1. On average, how many beta carbons from a partner chain sit within 10 Å of the beta carbon of a residue in B:73-80?
2. State to the nearest 20 debye the size of the charge dipole of the protein assembly as shown about its Cα centre, where the only charges are +1 on K and R beta carbons and -1 on D and E beta carbons.
3. So which trypsin sites (Lys or Arg not before Pro) in region B:52-139 pass both tests, a DSSP loop state and at most 14 other Cβ atoms within 10 Å of the Cβ?
4. What do you get for GluC sites (Glu not before Pro) in region B:118-224 restricted to DSSP loop and a cutoff of at most 14 other Cβ within 10 Å of the site's Cβ?
5. Could you work out how far the C-alpha centroid of region B:282-308 sits from that of region A:51-82, in angstrom?
6. Roughly how many Å is it from the Cα centre of region B:20-49 to that of region B:172-239, as a whole number?
7. For the pair B:Asn14 and A:Thr65, how long in nm is the line joining their label points, each one 7 Å along Cα→Cβ?
8. Determine the shielding of peptide A:26-35 by partner chains: average, over its residues, the number of Cβ atoms on other chains within 10 angstrom of each Cβ.
Amino acid sequence: MERNDTVNIKMVIPKRNHDAAFRVIDGEAVVVLPSRSEVKILSEVGSRIWELMDGKTTISQICETICMEYDVSPETALDDVLNFIKEIGDEGMLES
Amino acid sequence: MTQKPHEKREETKNAYLRAMEKGWNKRIPVAAHFEVTFRCNHDCVFCYNTREDEAGKTEMSVSDYRRAFKMVKELGVLFVTLTGGEPLLRKDFFEIAGAAKEEALALRIFTNGYLIDEEMAARIKKLVPFEVEMSIHGHNAETHEKVTRVKGSFDTLLQAVDNLRKLDVKVNLKSIITRFNEDELEGIVEIAKQKGCSITFDPVISPRDNGELSPIQYATDEEHLKKFWVEIYPKMRNSLLAPVVEDNCVWAVCGIGRASIAIDPYGDIFPCLQWREKIGNIKEVADLKDLWHNSAVLNKVRGIAMRVKEEVLDKVEYGNFCSYCPAVARQVTGDPFKLYPQAIENARHFAVAYETAKKKGK
């Protein structure tokens, strides 16, 4: 990925699918996707990223929080967050 | 390899069970049942609702529900079921359901389907419910209407299912096994299959809310219970029988006081739909969390649910196959720790079917 692309993507604000219902129980997000009649349980880090996707927070800000809370490098955080967004986007969990 | 739809369903089911298990262990009620009205346009012969307490009471308003949904959400509830009576009889049903959606609660609707024409199906679709559940009492109008005592209710039900399925709304049909439909279960499964619905059978009839036992006279007999578990249930489950649960959960016979909560049309809160001992009123409660954790009634029923294994199930053959309900035991025998006939008969046939399937390697 070129530097400009990276900068641009970091400013994107990912949004949870507005029909998704979820609760974080014991550190894991249980996400219900009624339109697909599906229930998902996210990993601990995935749950934290999911919580941070409040429709106001950019990928860059999400990465900063993940860096601090999980003591990982900015590069690792960005890779993890982007992979997670791709994964849950494919599962219909994000607004397109 | 692309995931098959069947695998997706299993994944969802497992995630749902894990969510329930998490709530169970942490004592977070993941599900709340709201009976939004006791009024009904059917007159089912074995309905557990009694309407004797209605006089002088006012059903909760939409703003009451707004507040109630906020409170249960803060308590940890994820799934809200709107049931009745017949919930769609409420003129403000869609406002109530909309209020649940505003709180990002996953919505389930239990209805008899009588009012679901094409227009109403479209309004339900807009709510994006997780599931709509409808009762089917037979595989033809004669049987179904013997139970509902409403002429035309069978055709209306099937039309309602079609109206929802056409819009791709998930529908689960449910059927209590009774003397009326005990020879029609395969026909009911076939209807569900044709309509693209899931189907759930309940082999146990509950007494009425006031403890009156007359519904039990319609319970099926042992021969038909056996047929259900040995022949029909394995087919419905793709040849797999439900496993006997041996897990890391806090042991309790059911989720009473642990995984779910029930609220009646007037705001009265109960441990569950069957155990009708009031613990408070949601319109009056200032701190639902405090009530949930400290109510003497809830602490009592939690204790009962945890002691059932030692005091009842470990003492009888097939006890570990028993879907024992302390509330039904209390209604039928007067004692939540006293085994009632339906529970053990059902367990015995489930156990035999399970052992048979296991020997066959299924």
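Where a number appears in this text, it was derived from the coordinates with a stated rule and is not lab data. This one's a predicted model, so the numbers in the text were calculated from it and none came from an experiment. Note that each Cβ is placed from the backbone with ideal geometry, even for glycine, and that neighbours are counted across all protein chains shown.
1. 3
2. Dipole of the protein assembly as shown, to the nearest 20 debye: 340 debye.
3. B:Lys57, B:Lys91
4. Loop-located and lightly packed - B:Glu212.
5. 39 Å
6. Each part reduced to its Cα centre gives a spacing of 19 Å.
7. 2.9 nm
8. Shielding by partners across A:26-35 averages 6.
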